[in-house]
Every structure is written in structure tokens, then in C-alpha cells.
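Presented below is the structure to which this report refers.
The values are calculated or read from the model by the stated rules, or taken from the named source; none is laboratory data. None of these values were measured; they are calculated from a predicted model. All Cβ positions, glycine included, derive from the backbone under ideal geometry; neighbour counts span all protein chains shown. What goes into the accessible areas is simple: the full protein's heavy atoms, side chains included, and nothing from ligands, DNA or RNA. Shrake-Rupley method; radii C 1.70, N 1.55, O 1.52, S 1.80 Å.
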Amino acid sequence: MAETSTSTSNKNMNGSPITNLAPDHLFSILLLLPIDSILAFAMTCKKFKALACSDTLWESICRRDWGPNSVEVLKSSNFQFQLQWMRLYRQISKLESVSCHKMTYPDGEFELPKPRASHSLNFVSDCLVLFGGGCEGGRHLDDTWVAYIGKDFQKMLKWQKVNSGLPSGRFGHSCVVIGDSLVLFGGINDHGSRQNDTWLGKVTRRETLGITLSWTLLDVGTIAPPPRGAHVACSIDNRFMLIHGGIGLSGLRLGDTWVLELSENLCFGTWREIVTCPSPAARSGHSLTCIGDSRVVLFGGRGLGYEVLDDVWLLDMSEGILKWVQILYELPNIPGGVSLPRVGHSATLILGGRLLIYGGEDSSRHKKDDFWVLDISAIPSTSMQPITLNSKEILAKMWKRLKASGYKPNCRSFHRACADHSGRYLYVFGGMVDGSLQPAESSGLRFDGELFLVELVLQL
């Protein structure tokens, strides 16, 4: 007996203390670790492999890295699969391609939105909402259109014109989703006047009345950003609207950053300027996208000297210290990176917490039709200092060009794109496309009125 007791005691002393932790405690610890560490932990023994590869853990990892909304939509969607979360996570991380689908409309005579560019397109309350933009002849539009999508993606939809005249006609404005509402700021009208008004839009669906959308001018007090258009904006934590840059009075490009804090009932808001050094240079036609609840990514645009940019900046609002940090890299170190500089592109948050960058134009105004994924999580550290990336391996993870199959839309710029709740499906509308010269035209540019769907290709 004494010999057995001594043997057991020695075995416990030689074993790692982690083997004595309860599975629930190990589960909580694993959720704090990066993916590489979790996979390394799974290789230590059969017991830990079972936990580290469990569906329950990987569903929680997906919630952590993608957000709970994307996971819930995937679980409730029509393509109900035997969801293996670890496999799905791996496929999203190694995403290689997208598939494009031309959207169709029901038979019959239905009014459709006019071709346009520099408009806004948002997914809110299970609907696509399209507002304003510029059209042929340099004219602005003041119409609002809504198409019900629902919880599942569709390749056929019906546009419904729900409003006209409010807000006033404009293009180059910004519009973001805050909860179930839209917040719109600024823009330019066809007289060249810049705006700095802030509007709140609310979509309502009723069985008898169909879809309605009401716009109201938001009370923001006496302080507001200077008038502008061709700026960019994003929403943060369903409470803030962040804007940057654009073209101000006298055609001057701006480099300022402003944040709008909204009241809980969305009855009023307060603008304040964020002044940091360094900060992104003045520009227009760039992109601004929020990842998670507090990190914002700025990319590209056209600078003061009319040059087309390819720089990447991060703004982290998680700890209350607002400061822009530049991610420095060299284009030759990225496969195909010479084509990255662009203006008038879209940068949309997709499933997996990365950005899908599409289209735009280069310094010669050549339109693009390429898809790139920008993965900020590939960056080793985001301290408060500029980050220089010289590793080709890291840059290959940060930037990846995707293959595109299916329908082939025209190359375009100054279009708009938005994703559904899952982040797997993107809707793209309008923009400027290359066109054949007509006798009355001064250039080969034309406005597009096409809507198409972009699907992340997953083997589910």
C-alpha cells in the first residue's frame, strides 16, 4: 500500500498542473489564445486535442473573431449544413475566391433606380437602402429606394421607391448603419455646394403598407464638421459615426477626422474633432471600415497632388486613446501589389473580420474589377508607433488577391457595396464604368445601374 501511495504521489508531482484544471477552465483559457497557440495545444495529448478541436470551442472562437451576429445568421440560414466550426474557420481564413451573380428582377413593369455613382448603399433591417448619387450630366439625385432581402441571400429582388426630396439631392455623401437606423452626412449638389447636415433614416416594414423610410434632420447643436463631399465614414459600436477627409470648400481636399456620438434614443448627436499626430494625409475617394467594435481601417484615395494612394492606417478606439497608426509596407513585397493603389473603391467588412476591397481606379483613371482581402489580424503588433512590415510572409497574409468566377461585371469605380448580416454575401450597385464614346459625350465614362451579388466561395 505504501509503495502504491508513493507511486501515485510521484506521478502527480511529475505531471503538469494544467492537467488538473477543469475542462471549463481550460475552455476559458483557450478562448484567450491566438489560433496558432490553440492548434499547438491540441497536439500535446488526446485529451487536450478533443477539447481544442471540439465544435463547441470553435463556435465560440468564431463568435470571438467574427462577432455573434455573423454566427447566428449562419446557424439560422437556409444553407443549413452540418456545421463544423473548425472547418468553416479554416476555410474562411484561407479564402481563395468569390463568385459573382447578376441580380434579376420579377417579371412585369417595375421602376428601377437610375444609373448613378457616388451614392450610398446600406443593408439595414433586412433591406437594401439606396440613396442619392450623381448621374448623367453631372446632376444629383434625391431619391431613396428600398429592396427587401430578408435573412437569406436572394438573386432576385424588387426595388421600391419610397422617398424623394428629403434629404436634398446630393452625391459623395456618407451613410452608415447605427442599429436599425441610417445616419447620413454631407455631400455635394449639382451646383457644387458642399453640405454638412446630418440626417437620420428609419426603415419600417408593415404587412399592409409595405416598406416605408422616413428621413429626419438630426439635431447636432452648433458644432459640426466643415461642409464636404467625397469623404468616408463608418459606424463604431452602434453608437458613433466616424468621418475622414473629403473635398471641402473651393475644392480643397481635407485630412481631418470627426466623430459623432449619438444619444441612446437617437434624438440628437454631438460632433467633435479628433486631432492626432501623425494622421492620414488629406484625401478623397478613400475607404474607412470598422473591424470589430473599435478598430478602424483607412485605405487609399486621391491625395492633395491628385496622386492615387495605397497607404493603410489604423485607428484604435478600444482604450479611449484615439491615435492614427500607419502600417508601412512596400508594394513589390506583395504578389501583384503594383495594382493596389486606387481611389473610388469599396472596402467591406466580410465574414472572418477582414476587408474585401473591390474595384476603383488608378492614377490614369483606368477602372478595376479585382478583389483583394486585407487582413489586419496578420500584423504582429499594433502599438502606438508606425508599424513597418518587411516580411513577405506577413504581407502575403495581410494582402491576398482573390479569384473571381461566375458573372463578370464591368470594371468600375465610385460604386457602393454592402454586406448582409452574415458577411458572406455582398451587394454592389452602380458606379462609373468605361463606355464607348457617343457624339454628345466628352469622355468614354458612363454611369452604371447594375446590381450584382458577390458570394464568398466556401465548401460547406
Inset, instruction - Output the qualifying pairs, or none if there are none: Cβ atoms under 6 angstrom, residues six or more apart or on different chains, first residue in region 245-274 and within 14 Å of residue 225 (Cβ to Cβ), second residue of a type in the set (Asp, Glu) and open to solvent by 30 Å² or more (accessible area, probe 1.4 Å). - result: 258/273; 270/261
Inset, instruction - For region 333-346, indicate whether the set of residues that are hydrophobic (A, V, I, L, M, F, W, C), outside any loop (DSSP other than H, G, I, E, B) and more than 17 Å from residue 453 (Cα to Cα) is non-empty. - result: yes
Inset, instruction - For region 276-292, state whether one or more residues are of a type in the set (A, V, I, L, M, F, W, C) and without any contact (Cβ under 8 Å) to a residue 12 or more places away in the chain. - result: yes
Legend entry - Inter-residue pairs, beta-carbon under 7 Å, first on the phi < 0 side of the Ramachandran plot and in region 334-356, second among the charged types (D, E, K, R) and surrounded by fewer than 23 Cβ atoms within 10 Å (Cβ to Cβ), 6+ apart: 339/370; 340/310; 341/310; 341/362; 342/362; 342/368; 346/416; 354/375
Inset, instruction - Collect the residues in region 376-427 that are open to solvent by less than 40 Å² (accessible area, probe 1.4 Å), in a loop (DSSP other than H, G, I, E, B) and modelled with pLDDT under 85, keeping them in residue-number order. - result: 379, 389
Legend entry - Failed item, numbered, when residue 224 is tested on (1) modelled with pLDDT under 90; (2) assigned to a loop (DSSP other than H, G, I, E, B); (3) of a type outside the set (Asp, Glu): (1)
Inset, instruction - From the list 39, 83, 74, pick out the single residue that is assigned to a helix (DSSP H, G or I), modelled with pLDDT under 90, open to solvent by less than 80 Å² (accessible area, probe 1.4 Å) and hydrophobic (A, V, I, L, M, F, W, C). - result: 74
Inset, instruction - Select from region 189-203 the residues that are open to solvent by 20 Å² or more (accessible area, probe 1.4 Å) and in contact (Cβ under 8 Å) with a residue 40 or more places away in the chain and write down the one among them that is nearest to the chain's Cα centre (by Cα). - result: 200
Legend entry - Hits in region 123-168 - residues which are among the aliphatic types (A, V, I, L, M) and not in a loop (DSSP other than H, G, I, E, B): 124, 128, 129, 130, 141, 146, 147, 156, 162
Inset, instruction - For region 13-36, enumerate the residues that are free of Cβ contacts under 8 Å to residues at least 24 places away in the same chain, under 30 Å from residue 456 (Cα atoms) and not in a loop (DSSP other than H, G, I, E, B). - result: 36
Inset, instruction - Working only within region 331-371, note down all residues that are of a type in the set (Gly, Ala, Ser), more than 29 Å from residue 69 (Cβ to Cβ) and open to solvent by 10 Å² or more (accessible area, probe 1.4 Å). - result: 336, 339, 363, 364
Inset, instruction - Among the candidates 116, 139, single out the residue that is of a type in the set (Lys, Arg) and either under 30 Å from residue 70 (Cα atoms) or buried (at least 22 other Cβ atoms within 10 Å of the Cβ) (or both). - result: 116
Legend entry - Test for residue 213: is it part of a strand (DSSP E or B), modelled with pLDDT of 95 or more and not acidic (Asp, Glu): no
